[in-house]
Amino acid sequence: MATLFQTDRPTLNSTAVREAAMREFMPRVAGWLSQNGETNPDLESLRKQLDDVLDGYSDGYEAATDLERHHYWSPDGELVDILDGYQGCLVIAEYAAVSEWVKENKVVPKIAVGEVVTVRWGRETITGPIVDIHADTAQYVIGAPGYGPKCGPLIKFEDVEDQP
């Protein structure tokens, strides 16, 4: 990537993003613990247990099962629903961190709507017009077959602008 910034673009796996998500998420789990008789949970221990089961997280049921198996919790359906919400906290924290990163680095996508680009997207190479720009996160929406008029893969600006 030719574009250089003082810090890398935040991702779902960035430490700061995961910490922000956990700050938002922990009170929900602590509330469930309180309702289930744990009046003063050790927050550091709670954080470690949640980090353990939510690392490589797939769904609330799996996380609840891991809490039961590895940390001797007694989960119920309500806890499963709460744990399902972690991914949302993570996505919101990533959006906030990326938006801040865009502002700090004064990132402005340079390619206009309508211009045709070719980019790698996963294992595919796609060619299509830019149909929308998300300036707040510095991402382009690339028009591709099978998507609606302003829909398509959302690609980071640096993955579009740095193409040969």
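The values are calculated or read from the model by the stated rules, or taken from the named source; none is laboratory data. What you are looking at is a predicted structure, and each value in this text was computed from that prediction instead of being measured. So basically every Cβ, Gly included, is an ideal-geometry build from the backbone, and we count neighbours across all protein chains shown.
Taking first residues from region 35-55 that are in the same structural domain as Trp73 (by TED's automatic domain parsing) and partners that are assigned to a helix (DSSP H, G or I) and charged (D, E, K, R), the Cβ contacts under 7 Å between residues at least 6 apart in sequence or on separate chains come to Val53/Asp66.
Taken over region 118-131, the criterion of being closer than 27 Å to Gln6 by Cα and either surrounded by 14 or more Cβ atoms within 10 Å (Cβ to Cβ) or in contact with an Asp or Glu (Cβ under 6 Å, 6 or more places away or on another chain) (or both) is satisfied by Val119, Trp121.
Checked against the criteria, Ala97 counts as surrounded by 15 or more Cβ atoms within 10 Å (Cβ to Cβ), closer than 22 Å to Arg9 by Cα and touching a residue at least 12 places away in the same chain (Cβ under 8 Å). Taking (1) closer than 30 Å to Pro41 by Cα; (2) of a type in the set (A, V, I, L, M, F, W, C); (3) in contact (Cβ under 8 Å) with a residue 24 or more places away in the chain in turn, Val80 satisfies each apart from (3). Among strands (runs of 3 or more DSSP E) entirely within region 74-164, having at least 1 residues that are at pLDDT 95 or above and touching a Cys at 6+ places or on another chain (Cβ under 9 Å) singles out 124-134, 139-142.
Filtering region 31-41 for residues that are in a helix (DSSP H, G or I) and under 16 Å from the mean Cα position of the chain (by Cα) leaves an empty set. Being more than 20 Å from the chain's Cα centre (by Cα), surrounded by 12 or more Cβ atoms within 10 Å (Cβ to Cβ) and more than 26 Å from Thr7 (Cα to Cα) holds for only one residue in Leu50, Leu46, Leu83, and it is Leu46. When only residues in region 121-164 that are free of Cβ contacts under 8 Å to residues at least 40 places away in the same chain and charged (D, E, K, R) count, which is nearest to Glu94 (Cα to Cα)? Looking at the filtered set, the residue picked out is Asp136. Being surrounded by 13 or more Cβ atoms within 10 Å (Cβ to Cβ), aliphatic (A, V, I, L, M), closer than 30 Å to Glu19 by Cα and not assigned by TED's automatic domain parsing to the domain that holds Asp55 is true of Ala138.
The residue pairs whose first member lies in region 1-14 and is in the same structural domain as Gly88 (by TED's automatic domain parsing) and exposed (fewer than 12 other Cβ atoms within 10 Å of the Cβ), whose second member is modelled with pLDDT under 90 and not charged (D, E, K, R), and whose beta carbons are closer than 8 Å, counting only pairs six or more residues apart or on different chains, do not exist in this structure.
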